[in-house]
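Data block below; observations after.
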Amino acid sequence: MAGEIILHSDLNCFYASVEMNENPQLRGKAIAVCGSTEDRHGIVLTASYPAKRMGVKTGAANWQARQACPGLICVPPHYDLYIKYSKLVRRIYSEYTDTIEPFGMDENWLSIPYGGGDVEGEGLKIAEEIRRKVREEIGLTVSIGVSFSKIFAKLGSDMKKPDAVTVISKGNYRDKVWSLPVSELLYVGPATTRKLMNMNVMTIGDLANINPELLRNKLGKNGIMLWRFANGADHSAVMPADFVAPIKSVGHGTTCVCDLESEYLVWLVLYELAQDVGHRLRKHDLAANGVQITVKDKDLDYRQYQTPLSFPTQSPLEIAQTGFELFRRRYPWHKPVRALTIRGI
């Protein structure tokens, strides 16, 4: 829509922040929300800022997190609570627009149809109001990017954390964005980053200024899309709150070079496979409503499990985490794992 203002909101350390909001004794401490807290091989779903400063990373095994941060408090996830808080925050967003597109439980794009596209004036004002209301009414903090495109709004929400607003306008995006590493751009995953670096494309500015035909030759249509994004030419629309994306099955699998005999190795493989699934979902403008995994053991017997997601997602991390928790709950471990497939459904 011409003249719209686009916001991207990202609730800071969402799972951990909810846990601290529910249990004030945890506030200010190094905590991590972990799958399978009783098990060294569970994984970190999110961590508080004190824990992150000690080196605790999302996706790390529980034992690695405790090694990086002695005294780390590990708490199990409470998904019903997270869904409740997500809905409460979206009620605040709905005071400003009904065009709200979720990107997981903790992130949303908002399209503000009034304000004439004035991101530095009206957009900043609205974002600051939302940030204040979320903190005062819900007890969580949110970082918000304000821009004229979805891509730059998402980039803005990542630039200042926690509890901050960043404005990226048509007048300042070259100064604010082009010096950033190219990997900061949404949809530029590890594999694409490696390909771009081999072309001496290190920053978003390098990407914006390269000959687009070179990108087409190396990356196909995806290369042209990324070039447009870097140049501020993202025209994708924010979907309304009642929009349901057409879901098709998108999956990726592999036969492992050696049998997997630990859950941590299974996690690493699922996480790598989910990178491709997320990329293809984004490329085709799809989202997953559920996750399915297929596990083949060393005797070539296979089992298949699936589970719904609380929110549609394109996030490789969310898909991998869901697949891994499904594996942990269902796979009996009678035999080592020979092959794995993960699918967004």
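The values are calculated or read from the model by the stated rules, or taken from the named source; none is laboratory data. Keep in mind that this is a model prediction, so the values were computed, not measured. We place every Cβ from the backbone using ideal geometry, glycine too, and count neighbours over all the protein chains shown. Areas reflect the complete protein model, heavy atoms only, side chains present, ligands, DNA and RNA absent. Shrake-Rupley method; radii C 1.70, N 1.55, O 1.52, S 1.80 Å.
Observations
- Largest-first ordering by accessible area, 1.4 Å probe, given options THR313, THR294: THR294, THR313
- Largest mean-square fluctuation among ASP98, ASP106, ASP299, in a Gaussian network model of the chain whose springs join Cα atoms under 10 Å apart, belongs to ASP299.
- Choice from ILE73, ILE151, ILE31 with maximal GNM fluctuation in the chain (Cα, 10 Å cutoff): ILE73
- Counted by Cβ distance under 15 Å from LYS335, the other residues give a net charge of -1, where Lys and Arg count +1 and Asp and Glu count -1.
- Extension gain for the segment ASN289 to SER236, taken as residue separation times 0.36 nm less the Cα-Cα distance, is 17.0 nm to one decimal.
- Lysines with Cα under 23 Å of LYS335, excluding same-chain neighbours fewer than 8 positions away: LYS296, LYS298
- Charge context of SER48, other residues only, Cβ under 11 angstrom, K/R +1, D/E -1: +3
- Fraction of alpha-carbon pairs over 22 Å apart in the range 1-122 - percent: 45 percent
- Rounded to 5, percent antiparallel among DSSP beta bridges of the range 24-134: 70 percent
- Taking 0.36 nm per residue of separation and subtracting the Cα-Cα distance, full extension of the segment from SER262 to MET197 would add 20.1 nm.
- Members of LYS125/LYS154; LYS57/LYS161; LYS195/LYS221; LYS160/LYS283 lying beyond 20 Å, as alpha-carbon distances in this model show: LYS160/LYS283
- In sequence order, the range 178-188 has phi-based couplings of 5, 7, 6, x, 4, 5, 6, 6, 4, 6, 9 Hz under the Karplus curve 6.51 cos²θ - 1.76 cosθ + 1.60, θ = phi - 60°, and Gly or Pro positions carry x.
- Modelled label positions at TRP63 and THR255, each set 7 Å beyond Cα in the direction of Cβ, lie 3.0 nm from each other.
- Difference of contour (0.36 nm per residue) and Cα-Cα distance, TYR49 to LYS29: 6.3 nm
- Helical content alone sets the calculated 222 nm signal of the chain at -11000 deg cm²/dmol, taking -39,500 (n - 2.57) per DSSP H segment of four or more residues and averaging over every residue.
- Qualifying chymotrypsin sites (Phe, Trp or Tyr not before Pro) in the range 91-170, where qualification requires a DSSP coil assignment and no more than 14 other C-beta atoms within 10 Å, comprise TYR114.
- Residue among THR307, THR141, THR255 with the largest mean-square fluctuation in a Gaussian network model of the chain, springs linking Cα atoms under 10 Å: THR255
- With all protein chains modelled, accessible area of LYS298 [1.4 Å, Å²]: 80 Å²
- Those chymotrypsin sites (Phe, Trp or Tyr not before Pro) in the range 292-337 that DSSP places in a loop and that have at most 14 other beta carbons within 10 Å: TRP333
- With only the Cα atoms considered, the chain has a convex hull volume of 140 Å³ per residue.
- Per residue, the convex hull volume that the Cα atoms of the range 217-345 enclose (Å³): 120 Å³
- For the chain, averaging the sequence separation of C-alpha pairs within contact (under 8 Å, six or more residues apart) and dividing by the residue count gives a relative contact order of 16 percent.
- Once exposed loop GluC sites (Glu not before Pro) are cut out (DSSP; at most 16 other Cβ, 10 Å), longest piece of the chain: 96-260
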